[in-house]
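Take a look at the structure below.
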Amino acid sequence: MTRHLVLAISFAALSTAACGDGRPPWAEGAMVRTERPAGLGPQDLSNFGPRLVALHNRERAAVGAPPLVWDPGLASAAAAYGPALARRGRLAHSPPESRPGQGENLWMGTRGAYSLEEMIGSWAGEKALFTPGSFPDVSRSGHWSDVAHYTQMIWAASTRIGCALHHSRRWDFLICRYAPPGNVVGQRVP
């Protein structure tokens, strides 16, 4: 059976038992290596925007945050950053000055091997370490970066979202932009 070696921030790897200090495997920029069986079928990208909005809004509803709406301008801005990630071959946030008034979540995994639900699920899975509070004091691990994708997803003041999926030869990069941006120091989450 052929298997793909996957480099991804995956909710399947949320087991904190793997980390001696109680931190998730993606902490400090570490990436998770997982094998996925081949032949899972083609990646379903139908209804891309509505599905991403619905996945975000499900998490937001669970904490009482108002729903997000799709913003084509944010989606275009996200798409414009995809080629830079492909050239790097790794995740790196865009410079804040290149996206004024926008927050950003990034995801990377083997090309065509993950569903949109798995991609967003990796961010939503960070809620296992989330604790309500004033940002950045919102993580049970003591490291805000362990929950920052999730806190951006549920940030009550963010009202709009736009995302893009960029395919390189080996990788898929999901880029989501949010406005107004979340993860603002001193503000309450959720």
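So the values come out like this:
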read-out	value
Residues of region 54-80 satisfying the condition of being in a helix (DSSP H, G or I) and hydrophobic (A, V, I, L, M, F, W, C)	Ala54, Leu55, Ala61, Ala62, Leu74, Ala75, Ala77, Ala78, Ala79, Ala80
Leading residue by the ranking (least open to solvent (accessible area, probe 1.4 Å)) among those in region 81-106 that are free of Cβ contacts under 8 Å to residues at least 24 places away in the same chain and in a helix (DSSP H, G or I)	Ala84
Selection count where residues are free of Cβ contacts under 8 Å to residues at least 40 places away in the same chain and either under 16 Å from Asp172 (Cβ atoms) or not in a helix (DSSP H, G or I) (or both), scope region 131-148	5
Sole residue being in contact with a Phe, Trp or Tyr (Cβ under 7 Å, 6 or more places away or on another chain), at pLDDT below 95 and of a type in the set (S, T, N, Q), chosen from Ser139, Ser168, Ser122	Ser122
Any hit, region 36-55, residues being open to solvent by 30 Å² or more (accessible area, probe 1.4 Å), within 24 Å of Val189 (Cβ to Cβ) and either at pLDDT 95 or above or charged (D, E, K, R) (or both)	yes
Positions within region 107-118 being in a loop (DSSP other than H, G, I, E, B) and over 18 Å from His56 (Cβ atoms), in sequence order	Arg111, Gly112, Ala113
Residue among Gly162, Gly121, Gly125 that is in contact (Cβ under 8 Å) with a residue 60 or more places away in the chain, open to solvent by less than 40 Å² (accessible area, probe 1.4 Å), touching a Cys at 6+ places or on another chain (Cβ under 9 Å) and within 22 Å of Ala61 (Cβ to Cβ)	Gly162
Selection within region 132-159 - β-branched (Val, Ile, Thr), open to solvent by less than 10 Å² (accessible area, probe 1.4 Å) and over 16 Å from the mean Cα position of the chain (by Cα)	Val138
Among (1) over 25 Å from Ala128 (Cβ atoms); (2) open to solvent by less than 50 Å² (accessible area, probe 1.4 Å); (3) modelled with pLDDT of 90 or more; (4) not small (Gly, Ala, Ser), the one test that Trp70 misses	(2)
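The values are calculated or read from the model by the stated rules, or taken from the named source; none is laboratory data. The structure presented is a predicted model; accordingly, all values stated were derived computationally and were not measured. In this analysis, Cβ positions are derived from the backbone assuming ideal geometry, glycine residues included, and neighbour counts consider all displayed protein chains. Note: accessible area is taken over every heavy atom of the protein model, side chains too, but ligands, DNA and RNA are not part of it. Shrake-Rupley method; radii C 1.70, N 1.55, O 1.52, S 1.80 Å.
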